[in-house]
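The values are calculated or read from the model by the stated rules, or taken from the named source; none is laboratory data. All of these numbers come straight from a predicted model, not from anything done at the bench. FYI the Cβ positions are ideal-geometry reconstructions off the backbone, even for glycines, and counts take in every protein chain you see.
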Amino acid sequence: SGGATTKDNAVVSSVINPWTGMPYSQSYYEILEKRKTLPVWQQKDEFLKALKANQCIILVGETGSGKTTQIPQFVLESVNAETPDGKRMMIACTQPRRVAAMSVSRRVAEEMDVKIGEEVGYTIRFEDCSSTSKTLLKYLTDGMLLREAMADPLLERYKVIILDEAHERTLATDVLFGLLKKVLRNRPDLKLVVMSATLEAEKFQGYFSGAYCMKVPGRLHPVEILYSEEPEKNYVEATIRTVVQIHMFEGPGDVLVFLTGEEEIEDVCRKIDKEIAKLGDQSGPVKVLPLYSTLPPAVQQKIFEPVSSGRKIVVSTNIAETSLTIDGIVYVIDPGFSKQKVYSPRGCVESLLVSPISKASACQRAGRAGRTRPGKCFRLYTEKSFHNHLEAQTCPEILRSNLANTVLTLKKLGIDDLVHFDLMDPPAPETVMRALEVLYSLGALDDEGNLTKLGEIMSEFPLDPQMSKMLIFSPGFHCSNEILSICSMLSVPNCFLRPREARKAADEAKAKFGHMDGDHITLLNVYHTYKKNDEDPVWCCQNFVNEKALKAADNVRQQLAQIMARFNLKLCSTDFKSGDYYINIRKALLAGYFMQVAHLESNTGHYSTVKDNQVVHLHPSSCLDHKPEWIVYHEYVLTSRNFIRTVTNICGDWLAEIMIALEKSGKKLGYGGLTLKDRKQTT
Ligand code: ADP
Ligand code: MG
């Protein structure tokens with residue numbers, strides 16, 4: 001045991017890294033010693049034997065046992081040891097979260113002593129950091145593996161596919177389960193490893209019948225659970241109070257706080273800093289670090305760095321529940337909420353809502369406190385509410401999603417019989433029917449439910465069907481340049497910054513971009529002005545514009561433009577001086593979003609949706625300063641009220657006009673099936 005001696009090092013550093021042909025660096029050996037202490041190393045031989053003997057393995061292991069970082073390396077070594085020289089085998093490891101794919105692949109590249117993007121890479125939507133000729137181990141989001149399957153249905157470039165974080169049961173992972181079951185039958189040489197942090201393994205084993213199941217015992221220390229005596233009125237305040245108490249009265253050890261989203265996290269980080277500063281020198285120093293998905297990678301990496309003195313306090317979204325493991329955590333604060341997707345099939349609306357977590361989630365969160373030594377978990381809810389009000393498991397995402405995009409992907413993958421497609425938890429037939437209807441009315445499916453030519457093209461865009469439809473038809477409205485920019489802006493996080501201490505200035509800055517026709521055009525204004533100012537960071541800062549978001553939009557725009565070029569979709573604009581410049585853009589919005597129109601009811605003064613007569617309210621973030629009679633909206637936000645966000649004024653008369661135009665141009669392009677007529681409901 002123990003680290004390598006100097007003498008050993010002198011010997012081993014002449015060892016050549018087989019992946020790069022270069023001698024290993026010093027840090028390789030240092031990390032290797034740490035890696036060897038991870039629980040999965042105890043079962044390396046057992047795992048590799050099982051991999052040889054079985055086509056499908058289910059690996060269950062406590063979070064932090066080394067599944068995500070180590071297993072893919074074991075697999076890579078083993079499959080490449082057997083192959084004749086020259087041809088190296090590629091491995092994929094999926095992650096439900098973009099951040100995890102990025103962060104873990106960087107760590108693994110470091111562990112293997114290679115450069116990220118070369119032998120080890122990652123692929124997430126709109127960002128590919130991998131090399132076709134070099135990459136052997138690729139971490140990618142589950143959604144991206146599904147996209148790859150569209151072009152390569154048997155996933156032939158991979159020798160082993162690892163579906164990680166299977167317990168999260170994301171929509172894309174569930175679809176991959178069904179797809180890979182089929183692929184395994186057609187490719188006896190392919191192997192599948194399903195990794196999960198919880199003991200739902202029996203369910204997985206029943207589904208992948210015949211799979212070899214392996215458990216990695218964790219090395220959890222006891223965690224003391226403390227509940228609130230009374231329900232908390234305000235969980236944010238309770239969180240801050242608890243952090244301060246831990247810092248004042250508990251022994252050394254880092255703190256992990258679970259909150260729901262970026263804004264809340266940034267706010268709480270600031271408040272914790274303030275409260276602890278008030279304590280003065282009597283308490284030791286703290287380092288408060290936020291962790292959420294849109295944080296730049298360099299900042300994320302800070303989470304893993306040990307602090308030289310004092311206490312580290314990480315305030316994180318659900319990412320830290322199972323995807324990322326931070327060493328040294330002794331105290332966990334669990335207010336009991338996370339942002340979850342909810343879906344109401346009635347209005348076909350999907351929303352992110354702050355909702356109570358499940359018991360399983362609460363246990364995972366508590367477990368994060370006991371990795372290094374005995375820890376404590378402060379649940380900011382009562383014991384009674386834990387037992388009586390929390391669901392046992394989080395409901396799989398597929399049961400609370402709008403399936404339009406998924407059905408389109410499946411159709412493109414050649415899976416037409418959705419009823420008999422083998423899913424672990426099949427969605428309600430009503431939800432599938434709704435998705436088929438949406439795709440049919442967009443013209444992606446024909447009367448027989450087959451993919452149209454338009455549907456094929458739509459499926460090539462990594463966007464929602466409405467958005468890809470709008471983009472595909474935008475050249476016909478002479479504004480594809482502008483619609484492309486709007487799509488890009490809609491695909492990145494909110495570009496308007498609104499810091500608490502400068503709200504008024506931020507609102508004034510935003511108002512300058514405001515366009516009387518609405519928010520889509522306001523977004524276009526921001527993008528244009530950003531480009532006109534040569535992407536100047538100072539300009540961004542002065543105008544409360546999120547530079548990261550704009551940069552990302554620029555990148556998205558380039559990638560979407562490439563896909564458009566592949567299908568000969570021209571980039572064009574209406575003359576800016578023409579009276580039709582904005583009219584054309586607003587009409588083009590309707591080409592994709594004609595199902596998302598609301599009308600102002602003169603008797604009540606409320607908007608109601610045209611599709612299903614729901615009362616909706618303009619979101620306070622809207623730049624519209626009046627209430628136009630007709631509006632098209634980008635999204636429906638279900639919070640305390642039904643809000644519609646990102647809205648633009650349209651003309652009621654355009655609806656019929658556009659439907660006729662769509663049908664005509666659809667026919668001309670051979671797209672077919674673009675009608676509004678009601679479709680018989682057949683099963
Ligand atoms: P599992 O997938 O079983 O939850 P992981 O493979 O993610 O476990 O983590 C194994 C170990 O690797 C943990 O101790 C974690 O702290 C460490 N680790 C992961 N990513 C990083 C990183 N970027 N920097 C430092 N350590 C890391
Ligand atoms: Mg993991």
Practice item. For the stretch 470-494, name all the residues that are at pLDDT 95 or above and not in a helix (DSSP H, G or I). Key: 478, 479
Practice item. Determine whether residue 386 is surrounded by 15 or more Cβ atoms within 10 Å (Cβ to Cβ), modelled with pLDDT of 95 or more, over 21 Å from the mean Cα position of the chain (by Cα) and within 29 Å of residue 344 (Cβ to Cβ). Key: yes
Practice item. Check the stretch 252-272 and report whether any residue there is more than 32 Å from the chain's Cα centre (by Cα) and surrounded by fewer than 16 Cβ atoms within 10 Å (Cβ to Cβ). Key: yes
Study note, to complete from the structure: Just one listed residue, out of 361, 351, is within 15 Å of the chain's Cα centre (by Cα) and either within 30 Å of residue 614 (Cβ to Cβ) or within 16 Å of ligand 2 (Cβ to nearest atom) (or both), and it is 351
Revision key, fill the gap. Taking first residues from the stretch 445-469 that are assigned to a loop (DSSP other than H, G, I, E, B) and second residues anywhere that are β-branched (Val, Ile, Thr), the pairs with Cβ under 7 Å that are 6 or more apart or on different chains are 446/452; 461/563
Study note, to complete from the structure: Of all helices (runs of 4 or more DSSP H) fully inside the stretch 249-340, the set with 1 or more residues that are at pLDDT 95 or above is 262-279
Check your understanding: Mind checking which residues of the stretch 401-419 are of a type in the set (Val, Ile, Thr) and part of a helix (DSSP H, G or I)?
Key -> 406, 407, 409
Exercise for review: Look at the stretch 605-623 and say how many of its residues are surrounded by 19 or more Cβ atoms within 10 Å (Cβ to Cβ) and touching an Asp or Glu at 6+ places or on another chain (Cβ under 8 Å).
Suggested key: 3
Point to revise | Those residues of the stretch 36-68 which are within 11 Å of ligand 1 (Cβ to nearest atom) and more than 22 Å from residue 319 (Cα to Cα), in sequence order | key: 37, 41
Practice item. Assess whether residue 100 counts as being away from ligand 1 (no atom under 15 Å from the Cβ), of a type in the set (A, V, I, L, M) and closer than 20 Å to residue 192 by Cβ. Key: no
**Study point:** Residue in the stretch 283-293 that is under 21 Å from the mean Cα position of the chain (by Cα), within 16 Å of ligand 2 (Cβ to nearest atom), buried (at least 21 other Cβ atoms within 10 Å of the Cβ) and closer than 26 Å to residue 552 by Cβ present
**Key:** yes
Point to revise | Top-ranked residue in the stretch 364-378 [being of a type in the set (Gly, Ala, Ser) and assigned to a helix (DSSP H, G or I); ranked as farthest from the chain's Cα centre (by Cα)] | key: 370
Review point. When residue 590 is evaluated against the numbered criteria (1) under 28 Å from the mean Cα position of the chain (by Cα); (2) at pLDDT below 95, which criterion, by number, is the only one it fails?
Key: (2)
Exercise for review: Can you tell me which residue within the stretch 198-230, out of those that are in contact with an Asp or Glu (Cβ under 7 Å, 6 or more places away or on another chain) and either closer than 24 Å to residue 387 by Cα or away from ligand 2 (no atom under 16 Å from the Cβ) (or both), is modelled with the highest pLDDT?
Suggested key: 227
Exercise for review: Scan the stretch 178-212 for residues that are within 16 Å of ligand 1 (Cβ to nearest atom) and either part of a strand (DSSP E or B) or aliphatic (A, V, I, L, M) (or both) and report the count.
Suggested key: 7
Review point. Say we look at the stretch 327-359 and pick out the residues that are within 16 Å of ligand 1 (Cβ to nearest atom) and surrounded by fewer than 19 Cβ atoms within 10 Å (Cβ to Cβ); which of these is farthest from residue 245 (Cα to Cα)?
Key: 327
